[in-house]
Amino acid sequence: MLTATEIARIQKFTARMAPDTAEAIQKFFELTKPGCNETAYDVMSTAHSHNKKVSEHTIHNYAKYKIVNINGTIPDAIKSAIKKAVADSLLIMPTPQAPAPKPETLTFN
């Protein structure tokens, strides 16, 4: 659940957006409130790249909110809003982390 302060910031951020875009972006903020998971990262990284589509798993989780299309693309207005939210530090886009080495591959001196 978003706090009153977060809701006010999002409303200010989305004030000049088309209503459907504003609604989708507000839902994205709500869905990412607990933290950035793999599907949220997929949306943010795809928004920042050209000619890329999100995964089937992400489509399943976000198409119903009109954040992504059923073909895996992100609508241009949503892409722009996500890029701006990241640039304005309203959304934090983490860098993908390298997988941790398995214990059997570690060497000790």
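Things to note:
- Within segment 51-69, residues that are within 15 Å of Glu30 (Cα to Cα) reach partners that are surrounded by fewer than 16 Cβ atoms within 10 Å (Cβ to Cβ) and of a type in the set (Asp, Glu) with beta carbons closer than 9 Å, at six or more positions or on different chains, in the pairs Tyr65/Glu23; Lys66/Asp20; Lys66/Glu23.
- Restricting segment 31-51 to residues that are among the polar types (S, T, N, Q) and under 16 Å from the mean Cα position of the chain (by Cα), the residue that is nearest to Pro75 (Cα to Cα): Thr46
- Test: Asp88 is modelled with pLDDT under 95, under 23 Å from Thr3 (Cβ atoms), in contact with a helix residue (DSSP H, G or I) (Cβ under 8 Å, 6 or more places away or on another chain) and not β-branched (Val, Ile, Thr): yes
- Identity of the residue in segment 14-27, part of a helix (DSSP H, G or I) and touching a helix residue (DSSP H, G or I) at 6+ places or on another chain (Cβ under 7 Å), that ends up farthest from Asn69 (Cα to Cα): Thr14
- Restricting segment 57-90 to residues that are among the hydroxyl-bearing types (Ser, Thr, Tyr) and in a helix (DSSP H, G or I), the residue that is surrounded by the most Cβ atoms within 10 Å (Cβ to Cβ): Tyr62
- Conditions (1) part of a helix (DSSP H, G or I); (2) within 19 Å of Pro94 (Cα to Cα): number failed by Val54: (1)
- The number of residues in segment 14-30 being within 13 Å of Ile78 (Cβ to Cβ) and within 16 Å of the chain's Cα centre (by Cα) comes to 10.
- Residue pairs whose Cβ atoms lie under 8 Å apart, separated by 6 or more positions or on different chains, with the first residue in segment 14-33 and free of Cβ contacts under 8 Å to residues at least 40 places away in the same chain and the second in a helix (DSSP H, G or I) and hydroxyl-bearing (Ser, Thr, Tyr), are Ala22/Thr14; Gln26/Thr14; Leu31/Tyr62; Leu31/Tyr65.
- Scanning segment 1-13 for residues that are out of contact with any Phe, Trp or Tyr (no Cβ under 7 Å at 6 or more places or on another chain), part of a helix (DSSP H, G or I) and among the β-branched types (Val, Ile, Thr) yields Thr5, Ile7.
- Failed condition for Thr39, given (1) crowded, with 16+ Cβ neighbours inside 10 Å; (2) at pLDDT 90 or above: (2)
The values are calculated or read from the model by the stated rules, or taken from the named source; none is laboratory data. Because the structure is predicted, anything quoted here is derived from the model rather than measured. Note that each Cβ is placed from the backbone with ideal geometry, even for glycine, and that neighbours are counted across all protein chains shown.
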